[in-house]
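**Student:** Just passing along the structure, written as structure tokens.
Nothing in this text is a laboratory measurement; each read-out follows from the coordinates by a stated rule. This is a predicted model, so every value here is computed, not measured. FYI the Cβ positions are ideal-geometry reconstructions off the backbone, even for glycines, and counts take in every protein chain you see.
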Amino acid sequence: MGNPVIWHKQTCSTSRWVLGVLRDAGLAPVVRDYIADPPSGTELRDVLARLGLDARGLIRRKGTPFAELGLADPGLSEDALIAAMVAHPILIERPVVLASHGAILCRPKERVFDLFPRAQQVWSQRQGS
């Protein structure tokens with residue numbers, strides 16, 4: 001994987017902030033509108049493994065059909081939760097950044113610096129000017 005990939009939603013301020021930080025650091029991230037181009041179940045499982053999360057750790061509750069779909073039920077299997085995210089990609093928390101050296105869910109947004117420390121240096125310098 002060359003350039004990092006960001007699972008992005010343009011209307012999300014956190015996602016826009018992370019994308020801006022990556023670009024300001026001189027990176028050329030591949031922007032994936034994961035709502036228009038949702039991941040498959042296999043891809044989602046692979047990303048969850050890279051993130052070190054289970055499906056519940058990547059489910060977004062706010063502004064989604066989480067409650068209506070009954071996803072708070074602790075008896076739901078990992079497969080059922082992944083199937084729900086595939087069918088309703090709005091359930092996937094954002095932004096997710098994937099790079100050759102790691103992957104991270106940028107919640108809070110500053111977690112992007114854990115994956116790209118140089119981006120923090122650039123960001124800090126720009127904040128000071």
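**Student:** Based only on other Cβ atoms within 10 Å, what is the fewest-to-most ordering of W123, W7?
**Tutor:** Ordered from fewest to most neighbouring Cβ atoms within 10 Å, W123, W7 come out as W123, W7.
**Student:** If I take R0 = 41 Å and measure r between the Cβ atoms of A72 and R126 in this structure, what FRET efficiency does the formula 1/(1 + (r/R0)^6) give, to the nearest 0.05?
**Tutor:** 0.50
**Student:** Taking the Cα atoms only, what angle lies between the long axis of helix 78-87 and the longest principal axis of the chain, rounded to 10 degrees?
**Tutor:** Compared with the principal axis, the helix lies near 70 degrees.
**Student:** Which whole-angstrom value gives the distance between the alpha carbon centres of segment 83-129 and segment 21-41?
**Tutor:** So the two Cα centres are separated by 10 Å.
**Student:** Also, quick follow-up: If a paramagnetic tag sat 7 Å from the Cα of H101 along the Cα-Cβ line, which residues of segment 13-36 would have the backbone N under 18 Å from that point?
**Tutor:** What the label zone holds, given the 18 Å backbone N cut-off, is 21-30.
**Student:** Please work out which option in [x] -0.39, -0.86, -1.03; [y] -0.54, -1.02, -1.15; [z] -0.31, -0.80, -1.04 gives log10 I(q)/I(0) by the Debye sum over Cα atoms at q = 0.11, 0.17, 0.19 Å⁻¹ calculated from these coordinates, and answer with its label.
**Tutor:** For log10 I(q)/I(0) by the Debye sum over Cα atoms at q = 0.11, 0.17, 0.19 Å⁻¹, the calculated option is [x].
**Student:** Karplus couplings for segment 13-25 from phi (6.51 cos²θ - 1.76 cosθ + 1.60, θ = phi - 60°), rounded to Hz, Gly and Pro as x?
**Tutor:** With coefficients 6.51, -1.76 and 1.60, one gets 5, 5, 5, 5, 4, 4, 4, x, 4, 4, 5, 4, 7 Hz.
**Student:** Now for a separate question. Once every DSSP H run of n ≥ 4 in the chain is given -39500 (n - 2.57) and the sum is divided by its residues, what mean residue ellipticity at 222 nm do you get, rounded to the nearest 500 deg cm²/dmol?
**Tutor:** Calculated at 222 nm, the ellipticity per residue is -11000 deg cm²/dmol.
**Student:** When DSSP assigns beta bridges and you keep just the ones with both residues in the chain, what percent turn out antiparallel, to the nearest 5?
**Tutor:** Bridges in the chain are about 65 percent antiparallel.
**Student:** Could you pull out the GluC sites (Glu not before Pro) across segment 60-129 that fall in loop regions by DSSP (anything but H, G, I, E, B) with no more than 15 other Cβ atoms inside 10 Å?
**Tutor:** E68
**Student:** A further question on this structure: If the label point is 7 Å along Cα→Cβ of R50, which residues in segment 1-17 have backbone nitrogen under 20 Å from it?
**Tutor:** 1-10, 15-17
**Student:** Now, a different point. What residues have an amide H closer than 5 Å to that of I92, excluding those fewer than 5 places away on the same chain, when H is modeled at 1.01 Å from N in the peptide plane?
**Tutor:** Those lying under 5 Å, H to H, from I92 are R60.
**Student:** Assuming R0 = 35 Å, can you tell me the calculated FRET efficiency for the pair D114 and D37, based on Cβ-Cβ distance, to the nearest 0.05?
**Tutor:** Computed FRET efficiency for D114 and D37 comes out at 0.85.
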